[in-house]
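Chemist: One structure coming up, written as C-alpha cells, with questions to follow.
The values are calculated or read from the model by the stated rules, or taken from the named source; none is laboratory data. Computed from a predicted structure; not experimentally measured. When we count neighbours, we look across all protein chains shown, and the Cβ atoms used for this are built from the backbone with ideal geometry, even at glycine.
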C-alpha cells in the first residue's frame, strides 16, 4: 500500500495488518524503494496492546517473501527485520540482502 507523508511528496510504502475488524489499529512495516530493484526495509510498528503476539514476525516474513518474489535487493535498516532474518535463516533471503 502506498501513502504520502502529509505536506510532502515523499511516498511511503507499507505492509500492514489490520488487528481487529472494528478497530483502526494496524501493525505496519515501512519500506522505501531506494533504487529500481532495491528496497530499504525501514521500520516495524505494532501497537502496544498487540505486542508479543508474533505480529511483527508476520510483517517481517511478508516483507522478505515480497523481496524474494519480486527479485529485489534489500537494505535491512529495521532492527527487527535484521533479527527476524538471523532467527529464520533462509538461503533465499540471504541472496537478496545487501550485507
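Chemist: Among the residues of region 47-67, how many are more than 13 Å from the chain's Cα centre (by Cα) and part of a helix (DSSP H, G or I)?
Modeler: Of all residues in region 47-67, those more than 13 Å from the chain's Cα centre (by Cα) come to 47-54.
Next cut, part of a helix (DSSP H, G or I) only: 48-50.
Total meeting the criteria: 3.
Yes/no per residue for (1) modelled with pLDDT of 90 or more; (2) surrounded by 12 or more Cβ atoms within 10 Å (Cβ to Cβ); (3) over 14 Å from the mean Cα position of the chain (by Cα); (4) part of a loop (DSSP other than H, G, I, E, B):
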| site | (1), (2), (3), (4) |
| --- | --- |
| 16 | no, yes, no, no |
| 31 | no, yes, no, no |
| 39 | yes, yes, no, no |
| 89 | yes, no, yes, yes |
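Chemist: What about residue 71, is it part of a loop (DSSP other than H, G, I, E, B) and either surrounded by fewer than 13 Cβ atoms within 10 Å (Cβ to Cβ) or under 15 Å from the mean Cα position of the chain (by Cα) (or both)? Quick ask: steps written out before the conclusion?
Modeler: Numbers: part of a loop (DSSP other than H, G, I, E, B): yes; either surrounded by fewer than 13 Cβ atoms within 10 Å (Cβ to Cβ) or under 15 Å from the mean Cα position of the chain (by Cα) (or both): yes.
Taking the combined requirement at face value, the residue satisfies it.
Chemist: Pairs please, first residue from region 31-43 and on the phi < 0 side of the Ramachandran plot and touching a residue at least 40 places away in the same chain (Cβ under 8 Å), second anywhere and surrounded by 18 or more Cβ atoms within 10 Å (Cβ to Cβ) and not in a strand (DSSP E or B), Cβ atoms under 7 Å, 6+ apart in sequence or on different chains.
Modeler: 41/63; 41/78; 41/81
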